[in-house]
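Novice: One structure follows; several queries about it will come next.
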Amino acid sequence: MFSFTAHPYPKSESFKEIFVSSLGAGAAVYLFLIIFQPFGTENFQHPYKFVLLFPYCIIFGTAFLMANLITSRFSNWNIGLELLKITFILCMGSVLSYFYNSLFLSHVKLDIVNYFYMFLYTLAVGIPISIIYILSRYIYLKNIHEKKARDISQHLPVSPPAERQNLLKITAQNTELIINENDFLFVQSMENYCTFYFLENNSLQKALIRISLTNVLQQIETGSVKKCHRSYIVNLGRVKKLKGNAQGYKLILPEIDFEIPVSRSFIPSIIPQLQKQNL
């Protein structure tokens, strides 16, 4: 069980994605309250009942937004961390909901025992639904990405095209690096420095240059040399295998002993390019 929670899990990467998913989470809570009417909602009678229930949508949508903005800075996200995030959202939402219900709807005195019961009820309803959603999404994305990765990997060329003799020229301050595109592997960025990986006489070489990844991309981007992650630019012509999981894809180059990640925001540009190499 604990090993399963360590499996990678996708998280929102852009503010737009976080904001849209927060709106969806708030709307889902609102629909749940209207349809199933839990927490004694069925006994609440008011001519504007559905209007008064709408703030719960805002409360849980805001909690979802805040939690995702905080966790967006974390790397190596997994199922266990996603469950902790959902628990945090439920805790925050239950606290704000209790204050809203007690002060504006029920007009009752705040009581820790009443809140505790509401908190347990929120967890009892929210945790099972969240687990079903997380596992269903994990299995679906994992199967989709693994299948596509297998299909593409089977048709990737064994060796890069020999006729490609384009020279990649990188200039930064007093440094200049020239690499044959056919020998270029990838660039890894770390703060204000970039490490260039390339082949020289069939031997792996590295060059560290003080330059931003954005500047590098402007100088060397071609049909095969593409940015695939906020920290990586890769020569897709050198990719020999594609690996898929719930988070997305990993690029495998035989010359190195680690996998290069593909951010979900770059999947629409990287995967079609790899598929073109199959033709």
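Novice: How many residues are charged (D, E, K, R) and closer than 12 Å to residue 83 by Cα if we restrict to the range 111-139?
Specialist: Of the residues in that region, 0 qualify.
Novice: Is it the case that the range 195-205 has a residue that's surrounded by 13 or more Cβ atoms within 10 Å (Cβ to Cβ) and assigned to a helix (DSSP H, G or I)?
Specialist: Scanning the range 195-205 turns up no residue that is surrounded by 13 or more Cβ atoms within 10 Å (Cβ to Cβ) and assigned to a helix (DSSP H, G or I).
Novice: Still on this model: Restricted to the range 5-30, and to residues that are small (Gly, Ala, Ser) and loosely packed, with under 14 Cβ neighbours inside 10 Å, which residue is farthest from the chain's Cα centre (by Cα)?
Specialist: 27
Novice: Can you tell which of 89, 18 is part of a helix (DSSP H, G or I) and closer than 19 Å to residue 131 by Cα?
Specialist: Matching residue, one of 89, 18: 89.
Novice: Does the range 31-49 contain at least one residue that is surrounded by fewer than 17 Cβ atoms within 10 Å (Cβ to Cβ) and charged (D, E, K, R)?
Specialist: Scanning the range 31-49 turns up at least one residue that is surrounded by fewer than 17 Cβ atoms within 10 Å (Cβ to Cβ) and charged (D, E, K, R).
Novice: Another question, then. Which one is surrounded by the fewest Cβ atoms within 10 Å (Cβ to Cβ) among residues in the range 245-267 that are over 14 Å from the mean Cα position of the chain (by Cα) and not aliphatic (A, V, I, L, M)?
Specialist: Here the answer is 257.
Novice: Kindly indicate the residue of the range 181-194 that is of a type outside the set (A, V, I, L, M, F, W, C) and open to solvent by 30 Å² or more (accessible area, probe 1.4 Å) and also nearest to residue 225 (Cα to Cα) among those meeting that condition.
Specialist: 183
Novice: With the requirement that a residue be farther than 19 Å from residue 122 by Cα and among the aliphatic types (A, V, I, L, M), what does the range 20-51 give you?
Specialist: Listed by number, the residues that qualify are 20, 23, 51.
Novice: Shifting gears a bit: Among 176, 146, which is the only one that is part of a strand (DSSP E or B) and among the acidic types (Asp, Glu)?
Specialist: Only one candidate qualifies: 176.
Novice: Residues being part of a helix (DSSP H, G or I) and touching a Phe, Trp or Tyr at 6+ places or on another chain (Cβ under 8 Å): count how many of those fall in the range 21-51.
Specialist: Number satisfying all stated conditions: 8.
Novice: Let me confirm something: among 214, 222, 171, which residue is assigned to a strand (DSSP E or B), hydroxyl-bearing (Ser, Thr, Tyr) and open to solvent by 10 Å² or more (accessible area, probe 1.4 Å)?
Specialist: Within the list 214, 222, 171, the selection yields 171.
Novice: Still on this structure: If I ask for residues that are surrounded by fewer than 22 Cβ atoms within 10 Å (Cβ to Cβ) and either among the charged types (D, E, K, R) or touching a strand residue (DSSP E or B) at 6+ places or on another chain (Cβ under 6 Å) (or both), which ones from the range 268-279 would you list?
Specialist: Scanning the range 268-279 gives a single hit, 276.
Novice: Quick check on the range 140-151. Is at least one of its residues of a type in the set (Val, Ile, Thr) and in contact with a strand residue (DSSP E or B) (Cβ under 7 Å, 6 or more places away or on another chain)?
Specialist: No, the range 140-151 contains no residue that is of a type in the set (Val, Ile, Thr) and in contact with a strand residue (DSSP E or B) (Cβ under 7 Å, 6 or more places away or on another chain).
Novice: How do the pairs read when you match residues in the range 237-262 that are of a type in the set (Lys, Arg) with residues anywhere that are at pLDDT 90 or above and open to solvent by less than 20 Å² (accessible area, probe 1.4 Å), using Cβ under 6 Å and keeping only pairs 6 or more apart or on different chains?
Specialist: Pairs that qualify, where the first residue is of a type in the set (Lys, Arg) and the partner is at pLDDT 90 or above and open to solvent by less than 20 Å² (accessible area, probe 1.4 Å), are 238/185; 238/253; 243/149.
Novice: Please go through (1) over 26 Å from residue 134 (Cβ atoms); (2) out of contact with any helix residue (DSSP H, G or I) (no Cβ under 8 Å at 6 or more places or on another chain); (3) modelled with pLDDT of 90 or more for residue 100 and return the number of the only condition it doesn't satisfy.
Specialist: Single failed check for residue 100: (2).
Novice: Sticking with this one: Could you run through the range 228-270 and say how many residues are under 30 Å from residue 80 (Cβ atoms) and in a strand (DSSP E or B)?
Specialist: Residues in the range 228-270 being under 30 Å from residue 80 (Cβ atoms) and in a strand (DSSP E or B): 17 in total.
Okay, residues lined up against (1) modelled with pLDDT under 90; (2) touching a helix residue (DSSP H, G or I) at 6+ places or on another chain (Cβ under 9 Å); (3) over 23 Å from residue 74 (Cα atoms):
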{"residue": "191", "(1), (2), (3)": "yes, no, no"}
{"residue": "203", "(1), (2), (3)": "no, no, yes"}
{"residue": "210", "(1), (2), (3)": "no, no, yes"}
{"residue": "249", "(1), (2), (3)": "no, yes, no"}
{"residue": "254", "(1), (2), (3)": "no, yes, yes"}
{"residue": "261", "(1), (2), (3)": "no, no, no"}
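The values are calculated or read from the model by the stated rules, or taken from the named source; none is laboratory data. These numbers were taken from a predicted model, which means no experiment stands behind them. FYI the Cβ positions are ideal-geometry reconstructions off the backbone, even for glycines, and counts take in every protein chain you see. Ligands, DNA and RNA are stripped out before the accessible areas are found, and what is left, the full protein with its side chains, is counted by its heavy atoms. Shrake-Rupley method; radii C 1.70, N 1.55, O 1.52, S 1.80 Å.
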